[in-house]
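Some notes on the structure that comes next.
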Amino acid sequence: MKLLKQIFDFYLNSSIHVALSCYALVRVTFHFFNIEYDEAMALFVFFGTIVGYNFVKYDALVRVKKNPISTQLKIIAVLSIISVVLVGYYFFQLKRITQIVSFGIFAVTALYTLPFFPNRRNARNWAGVKIYIVAICWVGATLVLPLINAEVPFTANFFIRCIQRFVLVFVLILVFEILDLANDDPHLQTVPQTIGVKRTKILGFLLLIPFWIVGILSFSFRDVVINLIMVTVLMAFIYFANPNRSKYYTSFWVEAVPILWWLMIVYL
């Protein structure tokens with residue numbers, strides 16, 4: 001049982017789970033825009049997420065705090081190095097414009113982690129900014145990049161789906177911020193720190209309205225049902241979120257929502 005827990009914790013701590021969520025959102029994008037499966041694009045995002053998230057999570061631990069490196073962290077480092085190689089491999093299979101835009105997303109991720117300006121904190125610690133940076137990066141990686149690589153024109157549907165994707169990620173991050181309320185630096189000015197947990201939940205519920213509206217615009221009964229399930233699941237996660245929840249509430253269950261969305265599209 002202990003071994004299974006260690007494997008499961010490694011699966012979460014190494015960012016494989018969140019990478020699967022990003023991969024799932026890329027597949028959702030393929031579905032909504034009728035794009036044939038593009039392995040290079042999907043796996044570029046998958047391995048890029050592992051690299052990006054591990055860089056964000058462990059850079060300060062290793063580079064700044066100089067803490068002793070555990071065995072698990074060493075294995076995560078090896079996985080990250082392998083992922084860097086695979087990111088490079090799939091990167092060169094993408095179209096030139098996709099490569100350029102992906103550099104922009106990488107730059108935002110680096111800004112989020114590294115203090116580029118003297119005597120300044122990184123963007124991750126800028127008051128009230130974190131949630132927007134993360135949401136924009138997810139929209140860029142899982143929606144904008146696949147469309148650019150498939151040469152799909154930016155129509156009204158594109159901007160509508162961008163809003164829907166942004167709302168989804170924003171709401172999921174709100175749940176994270178509620179659970180992290182007791183541990184977050186007060187200077188971060190996260191949404192729960194600024195307006196309180198109750199109002200944060202109300203905000204999350206209100207944001208699900210545009211998410212629901214976009215989901216019914218296709219006028220497909222199947223898509224309407226899937227969208228209704230998504231809204232119900234998201235409302236439940238918001239409602240039951242509180243700072244006393246286990247870390248698995250967000251690190252596994254909440255981050256699995258995009259995977260659930262993709263699986264419903266495939267199998268319902």
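The values are calculated or read from the model by the stated rules, or taken from the named source; none is laboratory data. No experiment lies behind these values; they were computed from the predicted model shown. Here Cβ is always computed from backbone atoms with ideal geometry, including for glycine, and neighbour counts include all displayed protein chains. Accessible surface areas use protein heavy atoms only, side chains included; no ligands, DNA or RNA. Shrake-Rupley method; radii C 1.70, N 1.55, O 1.52, S 1.80 Å.
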Of (1) farther than 28 Å from LEU263 by Cα; (2) at pLDDT 90 or above; (3) of a type in the set (A, V, I, L, M), ILE7 satisfies every one except (1)
field: PHE205 vs. criteria under 20 Å from PHE170 (Cβ atoms), open to solvent by 40 Å² or more (accessible area, probe 1.4 Å), at pLDDT 90 or above and aromatic (Phe, Trp, Tyr)
entry: yes
Exactly one of THR194, THR155 is in contact with a Gly (Cβ under 9 Å, 6 or more places away or on another chain), open to solvent by 60 Å² or more (accessible area, probe 1.4 Å) and hydroxyl-bearing (Ser, Thr, Tyr), and that residue is THR194
Is it the case that ILE213 is assigned to a helix (DSSP H, G or I), among the β-branched types (Val, Ile, Thr) and either farther than 16 Å from ILE173 by Cβ or open to solvent by 60 Å² or more (accessible area, probe 1.4 Å) (or both)? yes
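Considering VAL233, VAL225, which residue is assigned to a helix (DSSP H, G or I), out of contact with any strand residue (DSSP E or B) (no Cβ under 7 Å at 6 or more places or on another chain), free of Cβ contacts under 8 Å to residues at least 40 places away in the same chain and at negative phi?
Answer to the check: VAL233.
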By residue number, the members of segment 1-45 that are open to solvent by 40 Å² or more (accessible area, probe 1.4 Å), more than 19 Å from GLY140 (Cβ to Cβ) and not in a helix (DSSP H, G or I) are MET1, ASN34, GLU36, TYR37
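Tell me which residues, restricted to segment 229-250, are of a type outside the set (Phe, Trp, Tyr) and surrounded by fewer than 18 Cβ atoms within 10 Å (Cβ to Cβ). Steps first, answer last, please.
First pass over segment 229-250, keeping only residues of a type outside the set (Phe, Trp, Tyr): 229-236, 238, 241-247, 250.
Answer for segment 229-250, where residues must be of a type outside the set (Phe, Trp, Tyr) and surrounded by fewer than 18 Cβ atoms within 10 Å (Cβ to Cβ): ILE229, VAL231, THR232, VAL233, MET235, ALA236, ASN242, PRO243, ASN244, ARG245, SER246, LYS247.
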